[in-house]
1. Straight-line reach from Lys95: which lysines have Cα under 26 Å away, leaving out those fewer than 8 places along the same chain?
2. Whole-Hz ³J(HN,Hα) for each residue in region 128-135, computed from phi via Karplus 6.51 cos²θ - 1.76 cosθ + 1.60 with θ = phi - 60°, x for glycine and proline: what do you get?
3. Could you give me the ³J(HN,Hα) list for region 207-224, computed from phi with Karplus coefficients 6.51, -1.76, 1.60 and θ = phi - 60°, whole Hz, x at Gly and Pro?
4. Considering amide H positions built from the backbone, and no H for Pro or chain starts, which residues 5 or more places from Phe31, or on another chain, come under 5 Å of its amide H?
5. Compare the Cα positions of Pro111, Val126, Phe89 along the charge dipole of region 86-130 (+1 at Cβ of Lys, Arg; -1 at Cβ of Asp, Glu; about the Cα centre) and return the one farthest towards the positive end.
6. About the Cα centre, and with charges only on the beta carbon of Lys, Arg (+1) and Asp, Glu (-1), how big is the dipole of region 45-92? Nearest 20 debye, please.
7. Starting from the Cα of Glu129, step 7 Å along the direction of its Cβ; do the same at Val114; then give the gap between the two resulting points in nm.
8. How long is the gain from Asp170 to Ala106 if the chain were fully straight, where each residue apart is worth 0.36 nm and the alpha carbon distance is subtracted?
Amino acid sequence: MIRFDNVTKTYMRGQHPAVENLDIEFSRGEFVFLVGASGSGKSTMMRMVLKEVAPTRGTVYVAGRDLSRIPSWRVPALRRDIGMVFQDFRLLPSKTAYQNIEFALAVIGTPRKVVRRLVPEMLEMVGLEDKGKRLPHELSGGEQQRVAIARAYVNRPTILLADEPTGNLDPSTAEGILELLSEINERGTTVVMATHDQSAVDRMRRRVVEMVGGKVVRDEQDGRYETEGALSVISGNLPDDSAHREEHPLDDVESRDGSGAGQDVSAREDEPASDVLEEELIDEREARLAQEEDAFSEDEDEEGLR
Ligand code: ADP
Ligand code: MG
C-alpha cells in the first residue's frame, strides 16, 4: 500500500537528513503508530506519501505507483485517495461543521445529491449529527477533530494519515478520537498515525514504528510505546547529531527543487505482483466512484498513470 524504498530526504544541503535510507512498507488495512521524538522524521514521511515533499534519494510507492512518476496534474487524484488529519484540526474557521465536510466533496465536483447523503452520514459516524450548524469555534477540540476526521474520510480514502491527531486533546477526548480512527481502520482504510500518546499506543497494541533521527530503530507488531526496560529517546531529545553534519552532502542536487528530476526510474521494473493487484483494486474503486458520482472535476485519463 505504502512503500519507502531506500528513501532519504535532506531539506537543506549539509543538514542531517530528515529521513535516511528508509526501507519500510505499510500494508493495506494496517494500523501503524509512528512514534519518535519531535524532529525524528514522522511528518516528513507523511508529506512524502502525499507528494508534498519529494525524496532526495529513493522511491516512495503508494498503491504500487512510484510517486515521482505521477504527473502534477494527477496529484489531486492521489490526494483524494489519502485522508489527512492534523494536530491543529485545520478546519475552515468561517464554515460550519457541515460545510467543512461538504467542502471536501464540492472541490472534487461531487453531485449535490450525493453530498446531501454523505455529509449527514459522516456527521453521524463521528457522533455530531446535531452539531452540523456549529462553527469550529463553537465546538470543543475533540469535536473539531471529529469534524476533521469526517472531512478526511468522506471520500472513503484507502489511506488515512493522522499527524499527532490527539496532541491537543485531553486523555479521555483522545480516547474517543482513537476509537474513531480504529473504526475507520476496521472499515478497511490503512491508518498511519504519528503520536506521542503513550497510553493510546499501549492500549491498542498495534504495529509500532519508532523513529530516531530519521531512521527506523524499532518496528514491532503488537508493540508498545516504549520497549520495556529500554532507555528510550522517544520523549526526550534527539541524540547529538552534530558529528553527522556535513556527512550527507546531497548527491542528487537536481531533485532538490521537488521536481523529482534525476531520480532512478528503473526501479519500476521491480514492483512486486501484490502491488499490481493493489493498483487494480484502486482503479476499480476509482471507476466505481466515477460511476456513482459521475462528475470528476478533471479528465481522469487513466493512460496518464501507466
Ligand atoms: P517530526 O514530525 O518527527 O517532528 P519532521 O519530519 O517534522 O519530524 O522533521 C524532521 C527533520 O527535518 C527536523 O530536523 C526538521 O527540523 C527538519 N525539517 C522538517 N521540515 C523542514 C523544512 N520544510 N525545511 C527544512 N527542514 C525541515
Ligand atoms: Mg511532526
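The numbers here are math on the coordinates, done by the rules we state, and not lab data. This is a predicted model, so every value here is computed, not measured. Reconstructed Cβ throughout: ideal geometry from the backbone, glycine too, with neighbour counts over all protein chains shown.
1. Lys113, Lys131, Lys133
2. 10, 4, 9, 10, x, 8, 6, 7
3. Karplus values, whole Hz, x for Gly and Pro: 5, 10, 10, 9, 9, 9, x, x, 10, 7, 9, 7, 9, 10, 6, 6, x, 10.
4. Amide H neighbours of Phe31: Val191, Arg207.
5. Checking the options against the dipole of region 86-130, the answer is Pro111.
6. 140 debye
7. Here the answer is 2.4 nm between the modelled labels.
8. 19.8 nm
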